[in-house]
Amino acid sequence: ALNNVQAYRASLLHFHADPAFHGEAHAWHEDGLLVVEDGRIKAAGDHAALASTLPAGVTPLDYRGQVITPGFIDTHLHYPQTDMIASPAPGLLPWLETYTFPTERRFDDPAHARATAEFFLDELLRCGTTTAIVYCTVHPQSVDAFFEASEARNLRMVAGKVLMDRHCPDFLRDVQGGVGSSADLIAKWHKRGRQLYAITPRFAPTSTDAQLRATAELAQAWPDTFIQTHVSENKDECKWVGELHPQARSYLDVYERFGLMRPRALFGHCIWLDDEDFARMAATGSAAAVCPTSNLFLGSGLFDFEKADGARTLLSLGTDVGAGTSFSMLQTMNEAYKVARLKGSYLPAVRMFYLATLGAARAMGLEGTIGSFAPGAEADFIVLDPKSTPLLARRTAHCDSLEELLFALALLGDDRAVKATYSAGRQVHARA
Ligand code: GUN
Ligand code: ZN
């Protein structure tokens, strides 16, 4: 057992509650020690208290001056869109037509899919993201390629095949069988090692009623899978859904009527939801994936954190690459902060770090497994360097509070701030 224990000395930050609603939500150990055994967290606390508990011969790795937090969790992004990131368009629907669908077409080729998945995973780990909820394409081979790449690295990843059988090009259309092949992929990948499956209807306009009905049946047959889709991102999209489903109270209500709202259902964007929608999100245990870099890039709108928090909706942050413009959750926090300001609300940095770690784990029903340093949790963690750039070093040389330090990291940091990334106790990225 001695060989399986590792220890890391650094400042430690993690959460046990949501700082928006609880005074003592985080744990901060300025001179801390993180103890890992067999790929899981054994202890996290003050170095002075824990150093003497280490087995003889175990010397902590010295990361003093750095901050160790749980690995970031990105709850919404598209690996096939990696190569089309930063493609300009006047809005969501023309962006899908012009760039997205032609790009996704290439994922019928397993070699292209595998190579893109490898680059994508490298990029996530460089940015300190250890878990992501990922859209593949309609091609089942795009899902196999992604999970094969993730499994080979023993990462905790969630992914699924896009379901889409109307209002899309023929070359991306499920011709029956879309739900059936999703079932086959669940049987093959869900809970195999650290892989988890997300049932993935792209969004209401691209599925027939028959496909949405069959999708909900699949979700009922596999209640511990995830569901992911898009909702209320763009005004033209909302208008279109209103025309396609005139009987529904709202865009979100289309999903509820088909039985697609439940715990572990992640809804991307949620910009134009009303109070009743947010109340339904909370009541059903569904969660929002808030994607600020994407929403600003496409001009979709500003997420209303105050309205969402008023209903106690489960929240998390997503990059939404390739409509999102960065793989970095630090840069995603930066833009989330500004979106909140423009909506007249305020997101403290501690809240943003919560949303990117424990908040996401709670939204996913994975508290105790990822997102914190609770004993027994998987040892997915990152080492953040407050001196990683000249400007960050100059700014963080005089922080008067933890909030100031985290705020500087979120506003000024990116992949350069991630000195190392660990997954299940194994180093999977180290900055040169
Ligand atoms: N709505 C439907 N598909 C997509 C997509 O690929 N990206 C974004 N941002 N919104 C969508
Ligand atoms: Zn998306």
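The values are calculated or read from the model by the stated rules, or taken from the named source; none is laboratory data. Values in this document were obtained by computation on a predicted structure and should not be read as measured data. Here Cβ is always computed from backbone atoms with ideal geometry, including for glycine, and neighbour counts include all displayed protein chains.
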Notebook entry, point to check: Restricting attention to region 58-84, and to residues there that are β-branched (V, I, T) and over 11 Å from the mean Cα position of the chain (by Cα), which single residue is nearest to ligand 1 (Cβ to nearest atom)?
Noted result: T82
Checklist line | Matching residues, region 295-318, being within 16 Å of ligand 2 (Cβ to nearest atom) and over 14 Å from H230 (Cβ atoms) | finding: L296, F297, G299, S316, L317
Checklist line | Enumeration of residues in region 153-179 that are touching a helix residue (DSSP H, G or I) at 6+ places or on another chain (Cβ under 9 Å) and aliphatic (A, V, I, L, M) | finding: L155, M157, A159, V162, L163, M164, L172, V179
Checklist line | Criterion (farther than 24 Å from F101 by Cα, at pLDDT 95 or above and touching a Gly at 6+ places or on another chain (Cβ under 8 Å)) met by exactly one of A198, A216 | finding: A216
Checklist line | Complete set of residues in region 155-173 that are within 15 Å of ligand 1 (Cβ to nearest atom) and either among the basic types (K, R) or not in a helix (DSSP H, G or I) (or both) | finding: A159, G160, K161, V162, L163, M164, D165, R166, H167, C168, P169, R173
Next item on the list: Return yes when T130 is in contact with a Gly (Cβ under 6 Å, 6 or more places away or on another chain) and not aromatic (F, W, Y) and no when it is not.
Entry: yes
Notebook entry, point to check: Does G57 satisfy the condition of being modelled with pLDDT of 95 or more and over 30 Å from S294 (Cα atoms)?
Noted result: no
Notebook entry, point to check: Which members of region 266-292 meet the condition of being within 15 Å of ligand 2 (Cβ to nearest atom) and of a type outside the set (V, I, T)?
Noted result: L266, F267, G268, H269, C270, A287, A288, A289, C291, P292
Check: Conditions: (1) in a helix (DSSP H, G or I); (2) under 18 Å from E123 (Cβ atoms). S388 meets all but one. Number of the miss?
Finding: (1)
Notebook entry, point to check: Do the conditions hold for P390, that is, is it surrounded by fewer than 20 Cβ atoms within 10 Å (Cβ to Cβ), modelled with pLDDT of 95 or more, over 17 Å from F15 (Cα atoms) and not assigned by TED's automatic domain parsing to the domain that holds T319?
Noted result: yes
Next item on the list: Only residues that are touching a Phe, Trp or Tyr at 6+ places or on another chain (Cβ under 9 Å), within 16 Å of ligand 2 (Cβ to nearest atom) and in a loop (DSSP other than H, G, I, E, B): list them for region 321-362, please.
Entry: V321, G322, A323, G324, T325, F327
Notebook entry, point to check: What is the number of the single condition among (1) exposed (fewer than 15 other Cβ atoms within 10 Å of the Cβ); (2) outside the structural domain of G268 (by TED's automatic domain parsing); (3) in contact (Cβ under 8 Å) with a residue 40 or more places away in the chain; (4) not basic (K, R) that D400 does not meet?
Noted result: (3)
Checklist line | Search result, residues across region 277-302 that are away from ligand 1 (no atom under 16 Å from the Cβ) and either buried (at least 24 other Cβ atoms within 10 Å of the Cβ) or not in a loop (DSSP other than H, G, I, E, B) (or both) | finding: D277, F278, A279, R280, M281, A282, A283, T284, S286, A287
Checklist line | Selected residue (criterion: surrounded by the fewest Cβ atoms within 10 Å (Cβ to Cβ)) from residues of region 226-273 that are over 21 Å from the mean Cα position of the chain (by Cα) and either within 12 Å of ligand 1 (Cβ to nearest atom) or not assigned by TED's automatic domain parsing to the domain that holds K343 (or both) | finding: D236
Margin query: Here's a check for you: in region 65-103, which residue that is more than 16 Å from ligand 2 (Cβ to nearest atom) and in a loop (DSSP other than H, G, I, E, B) is farthest from V241 (Cα to Cα)?
Written below: G71
